[in-house]
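Taking it in order: structure first as structure tokens, then the write-up.
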Amino acid sequence: MIDQGGQFRPLSPAMPITEMSSYSIPGTLLPGRREALPDCARSSRLVCLISFILIQHCSICHHALAGSQSMDGEWPCQKNSDREVEKFQNHTPSCRKVFLPQHVNVGEGPFQFNIRALMGCEISDSVEITLSYPFVLFVINPDTGIHPGPNFVLLGSGASKGIGMTEVYLKLARLTPGEPGEILATIKADTGIGLPLMGHGTIEWSQFKIDNGSDFSAVVPPVQVSYSAKPARPVLDLPGAITTNSVVAKWFSNSSAENVSQYHLRILGATGEVQSATATALQTSMNVAGLASGTDYTLELAAVNDAGESEPAEVMFTTRFDPSSLQVEALLRALSRDWDPLVEHFGTLQSAVPSPVDLNHDGKVDDCDALAIIHNFLNQ
């Protein structure tokens with residue numbers, strides 16, 4: 001992402017290309033020999049990729065790459081990638097998207113918010129959640145303030161007070177099969193004496209245990225509760241189909257208690273706003289077309305009611321590269337930014353946005369994608 005100051009701002013942590021220029025190029029390719037690819041186990045695989053791109057004798061490169069193909073003409077990682085795609089589609093081993101609300105705005109009197117599922121962590125049987133908050137800000141009654149989502153039943157709940165804090169516990173059991181972004185529970189609370197005076201508070205997650213197994217509370221961001229009549233910041237879903245010139249923006253509806261009348265959507269590029277649109281209060285998605293290929297954008301979404309506009313939720317994405325006009329520098333930047341395992345997969349929605357250089361759609365950017373890019377270069 002290029003920010004307004006002209007600086008490159010990556011979507012996720014990675015080693016910049018400029019930091020790699022001092023590395024020596026591993027391995028050699030000798031004419032007339034069926035050499036393997038450079039020894040990437042001893043050096044960054046991305047260095048291997050860049051070394052191939054920079055080699056001037058492309059016939060040698062082509063010879064080496066041809067030698068690395070299998071008898072049936074498939075790339076060495078193509079079959080493995082097919083198996084990985086199947087594995088990725090049927091089982092996702094880690095939480096990669098956070099749909100829990102990160103912002104709740106509270107007016108006078110009672111308020112409520114939904115706890116949504118952590119996507120990528122399938123709940124087969126049950127989930128145990130413990131949340132804590134300063135007891136002077138608001139009150140959650142475990143007997144009347146916890147309502148299970150449509151696919152769950154409440155097995156138990158309780159509350160305990162500590163020094164300045166209240167902990168609320170709930171255990172839910174699955175009743176029916178779920179769907180992406182499903183509501184686990186709706187929490188109803190009463191405004192305490194402290195929230196109108198302080199203006200804000202925080203709900204922390206001290207337990208989020210799935211199927212009596214792993215506890216993911218460490219990767220779940222806290223909920224910021226603010227005393228305001230404006231809507232809370234919307235909860236974004238992962239963007240839908242990202243093509244060379246379009247994206248499908250997706251989000252979850254704000255609480256009905258906020259009386260949202262519409263949503264404002266903006267697409268920002270390197271120099272500012274590229275497109276804007278308005279969605280109705282009932283909409284939860286919108287297709288935005290007319291974008292440039294292989295380009296970094298920021299999608300912003302704000303909710304609107306009679307009191308004003310919320311703070312925007314945002315997610316960054318990159319449109320797919322147009323295969324008919326390969327952009328070498330942009331492709332290398334995207335590879336260095338999204339190279340797995342440099343990308344952090346836990347805790348944020350941003351980390352799960354599809355990469356434009358995940359060419360085999362297996363959920364990661366690795367040597368399989370790099371080989372496919374090199375193959376395209378050599379066949380231009």
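Please treat every number below as a calculation from the coordinates, not as lab data. The model shown is predicted, which means the values in this text are computed figures rather than measured ones. Note that we place each Cβ from the backbone using ideal geometry, even for glycine, and neighbour counts take in every protein chain shown.
Could you work out the relative contact order of region 108-227? I mean the mean sequence separation of Cα pairs under 8 Å and 6+ apart, divided by the number of residues, in percent.
Averaging sequence separation for qualifying contacts and normalising by length gives 36 percent for region 108-227.
Within a Cβ distance under 12 Å of Thr295, other residues only, what is the Lys/Arg minus Asp/Glu net charge? Can you show the working numbers first?
Working: positive: Arg320, Arg333; negative: Asp296, Asp322.
In short, 0.
Please work out whether region 243-330 counts as rounded, prolate or oblate from its C-alpha gyration tensor, where a ≥ b ≥ c are the square roots of the eigenvalues and a/c under 1.5 means rounded, while otherwise a/b larger than b/c means prolate and anything else oblate?
On the way: a/c = 3.25, a/b = 2.48, b/c = 1.31.
Verdict is prolate for region 243-330.
Please compare each pair in Lys171/Lys230; Lys161/Lys209; Lys209/Lys230; Lys188/Lys364; Lys230/Lys250 to a cut-off of 27 Å on the Cα-Cα distance and tell me which ones are over it.
Numbers: Lys171/Lys230 32 Å; Lys161/Lys209 21 Å; Lys209/Lys230 33 Å; Lys188/Lys364 39 Å; Lys230/Lys250 21 Å.
In this structure, Lys171/Lys230; Lys209/Lys230; Lys188/Lys364 exceed 27 Å between Cα atoms.
Once the Cα gyration tensor of region 108-227 is found, what semi-axes does its equivalent ellipsoid get, as square roots of 5 times the eigenvalues, in whole Å, sorted largest first?
Details: eigenvalues 125, 40, 35 Å².
Semi-axis lengths for region 108-227 are 25, 14, 13 Å.
Once you have the Cα-Cα distance between Thr278 and Ser246, take 0.36 nm times their residue separation minus that, and quote the gain in nm to one decimal. Walk me through the numbers before you get to the answer.
On the way: separation 32, 0.36 × 32 = 11.52 nm, distance 1.67 nm.
Full extension of this stretch gives 9.8 nm more.
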